[in-house]
Structure formats: C-alpha cells, structure tokens
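Worksheet: the structure to be examined is printed underneath.
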Amino acid sequence: MTAKPIAAVLLMLLATFAHAHEYQADALRIDHPWSRPTPPGTPIGVGYLVITNTGSANITLTGAETPRAARVSIHQTTMKDGMMKMQPVDGGLVIPAGTTVELKPHGHHLMLEQLNAPLAEGERLPLKLHFKGADTMDVELSVESLDEEPMGDKQSMDQEMDHSMH
C-alpha cells in the first residue's frame, strides 16, 4: 500500500473517532454528545446526546453542569395545534431499563443558559451529567459545524427552536 492510500485511511479513521465519541460507566452509555456554534451575544446554547441504559432498573437524568454556562437544564420541545412549544422537564428525564433515549433537535435537549462566551466550532465543552440510579458522568460536548449532519439529523440554525425567551 502506498503512502497516499494509507494517509487517506488514517484520515477517515480520525474523522470517525472525532465524531463518534462515547462514554461508558456500568449500565450507562453516553454516545455522541454535541452542540452547535452560537453567534456572538447569544446567551443560550444547546446540548444533545444519546443515553443508553443497559441495566435492569430505570435511570433518571436529573441535571447537568458546565463551567461554560451559569445553568444547564433539561427541556422538551413538543408540537401542539401546529405550534412548537419548549418547556423544562420537571423531575428529570427517565431512561427506562434496557432502552435508549436521544436528546436531539425538536425533542428533549439540554439548555446551556447564560453562556460566558459563544460556543465555537471545534470546541469541546466539559459537561457533568447527574443521574438518579447511576453515578455522575463527565463527558465533553463537541461543538460541530452547522454544515455537518450529526446522528443523521441535519438541522440548520433557521430550523432550530428559538430559545430567546430564556
């Protein structure tokens, strides 16, 4: 194999690892935590990830924290009478035993409130996830380009929910 094909294979593998980061602790697996860049002056960011509970008991995501935001809360977006509504999730987000729950655009998500600086493409934000029924997990949110298609669900900033009321 020549140097060019080897380099191409290595670049493909590197790109795969850059996007497919996961964290595992006991019965809990966190896949691909990610966010989007924010424009200057925007005080709100979002966090998305996939949580898998491989155990035999329910686990509840009760909260999160990051040094980049004054507060992180769990929200849900719903559609009612043709109107999109976003509201906090009281009591946490249950991840039933043996299931996977995806936090994604237009669904459950983390709200990063009162950001201390804009989120920049390529940045990795430390995020501590708190659970009932599982230990706290430290992960990193990867801030991804608006042109990428995370988890196969392409969203543009125009399609994102307006969180300016927070």
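Averaged over residues, the count of other Cβ atoms within 10 Å places the peptides 91-100, 54-63 in the sequence 54-63, 91-100, highest first. Assuming charge only on the beta carbon of Lys and Arg (+1) and of Asp and Glu (-1), the dipole of the range 54-125 about its Cα centre is about 40 debye to the nearest 20. With the convex hull constructed from alpha-carbon coordinates only, the range 47-132 shows a mean projected area of 6.7 nm² over all directions.
Each Lys or Arg adds one and each Asp or Glu takes one away; over the other residues whose Cβ falls under 9 Å from the Cβ of Thr100, this sums to -1. Note on Met83 and Ser145: the extension gain reaches 19.6 nm, defined as 0.36 nm multiplied by sequence separation minus the Cα-Cα distance.
For the pair Thr54 and Glu123, the difference between a 0.36 nm per residue extended length and the Cα-Cα distance amounts to 21.9 nm. Highest mean packing comes first when the peptides 66-74, 34-42 are listed by Cβ atoms within 10 Å, giving 66-74, 34-42.
Each reported figure results from applying straightforward, stated rules to the coordinates on display, with no laboratory input. This one's a predicted model, so the numbers in the text were calculated from it and none came from an experiment. Here Cβ is always computed from backbone atoms with ideal geometry, including for glycine, and neighbour counts include all displayed protein chains.
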